[in-house]
1. If you take each beta carbon of peptide B:153-159 and count the beta carbons of other chains within 10 angstrom, what is the mean?
2. Ignore the peptide's own chain and count Cβ atoms of other chains within 10 Å of each Cβ in B:106-113; give me the average, rounded.
3. For the protein assembly as shown, what is the percent of antiparallel DSSP beta bridges, rounded to the nearest 5?
4. Considering every residue in B:94-104, what mean count of other chain Cβ atoms within 10 Å of its Cβ is obtained?
5. Please arrange A:92, A:231 by how many other C-beta atoms lie within 10 Å of their C-beta, fewest to most.
6. What shape does chain A have by the C-alpha gyration tensor, where a ≥ b ≥ c are the square roots of the eigenvalues, rounded means a/c under 1.5, and otherwise prolate means a/b greater than b/c and oblate the rest?
7. Run the quick spin-label model on residue A:171 and residue A:239: label points 7 Å from Cα toward the beta carbon, then report their separation in nm to one decimal.
8. Identify which of A:214, A:293, A:236 has the largest mean-square fluctuation in a Gaussian network model of chain A, with springs joining Cα atoms closer than 10 Å.
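What follows is calculated from the coordinates using simple rules that are stated; it is not laboratory data. Predicted model, so just to flag it, every value in this text is computed and none were measured. Glycine also receives a Cβ, built like all others from the backbone with ideal geometry; neighbour counts cover every protein chain displayed.
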């Protein structure tokens, strides 16, 4: 095929195109890269990212830098009823009510918290995206049968959504028995309706857009339209939600442990359990409650800040 | 035989609890192979709905009622199953939409969007499709196609986006191309380039083109045959020259009269058509245009006006048409003809 433009005009066009093209690093950039650039310029995102990064690093190397084993009752001889020694040069965060080093337990507990948060979020994300994606595709393009499928799925999701999340998690945890897996499943389960609802709404909104009609006008098959055009446009809010869910998952997992539904395994410290334990000695050593509480809050805050900043960066309405 | 023959096409939207809307009401027209046919009319006269009905892109449901016939190459498009339609769309009939930005997927690169048509209908593998996509972009006048393939719609100018969409539409060398107001969202200078591109493409590929527009300047520059639509019916059909030289239907005359003309006397006023497209009479109660028509007589009310002069190439649906000589509307001023070179690139600079 030859160009429809005459050679002379094509030449002129090429020269102008050269003049017009900005430095090449400005062009040929993908949307993701552009979002990342906006993210880097946002101080909120930087703070969030630093907190998250610090937390992740601690979770990974925590067991290596912890001065004592988390279960060793190194200071048991110093514990007397009503007396728990505070911070000292040997024990920077002091001892807990069983004479174990609080700093070591905090460091090792970080890994547990991160693990529960990530696995729970992944579980909720996968199940939610599956259900929401199915419902969204069915409602957007499936005709009458599709709308019926969507209705059935969504009524089920609405039921889950109507229940208070912690209550739902508690019932799931109670049903499955005490274990770490239970906590992950319970917390993940709670986030399923959020992801499903979000993706479905996003997909339905996207399937009304012109480019979906345009791709149908090109004769593309329905699954290609859904997977190649609707889904990629709908995922951004869901991914942002995953970051935000990570924050709530950490809080909820700690909540379940606090309520005694967490892992029964006492050898692995967990921030929620530590908080529950500290409750008993609150009048003697309130700091013991403050350390894990601050840990949970700061971590959750980090993920929330990062998530919010990501939402802003990906939001096409805020794009210049 | 004509490539596409639409006869008595009606589209009725009847949402529960709402007044039913007859968007298209017994519309008939035909397109021969390689011909450029215009569908002209105000907003809301059923142009786009007609195009969507032919493509089978109207939502399917009880509240959308499509009747009539759209014979394409012997078969009736309206009776086809969704999957058969999907095979035809993009391969035999393609469509270019009004707004190039919203018609492109913002998060998928141009390359993927062009190649997926090729892999779908022409069974190409990825490498062949990419090569073909680059040559398609080159053909529609996009410089440096290899680089553009990797870019995203927001990195292209408006004119280039429309060029890319046209490349996707002609990728399988369809026999019929429907262009729904392809230039409305673009700058005037770029409009001219896009029109020229469309004209050259349909000429070299032998594709028939249905040009949907409200812009008589576009029609005058491109179309062989023009159908003027009003309230979902064709009110006048004629080849380009007779239509502009001696329009018969008062609505056509009104449309031509509302265009500014270069040769008008200073101070001469434009004559708009009274009222709006919403002041219509249902066709079965008379001529839908009668409430806005200066030439309306008693015979206009009561029954649908018949098509007159059915044996000539110039037909119209009016009981009291303008005489052959017509009012002095003359050929519309064709200001949209000259294509300033590369204005699109200037647009990028600024």
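1. On the way: counts 1, 4, 7, 0, 1, 0, 0.
Across B:153-159, the average partner-chain Cβ count within 10 Å equals 2.
2. Values: counts 7, 12, 7, 3, 0, 0, 2, 7.
That average works out to 5.
3. Numbers: 29 of 48 bridges.
Counting DSSP beta bridges with both partners in the protein assembly as shown, the antiparallel share is about 60 percent.
4. On the way: counts 3, 5, 2, 5, 1, 3, 2, 2, 5, 8, 4.
Partner-chain Cβ atoms within 10 Å, mean over residues of B:94-104: 4.
5. Values: A:92 13, A:231 20.
If I rank by nearby Cβ atoms, fewest first, I get A:92, A:231.
6. Values: a/c = 3.90, a/b = 1.80, b/c = 2.17.
Oblate is the answer for chain A, as a/c is 1.5 or above yet b/c matches or exceeds a/b.
7. So the two model labels end up 3.4 nm from each other.
8. A:214
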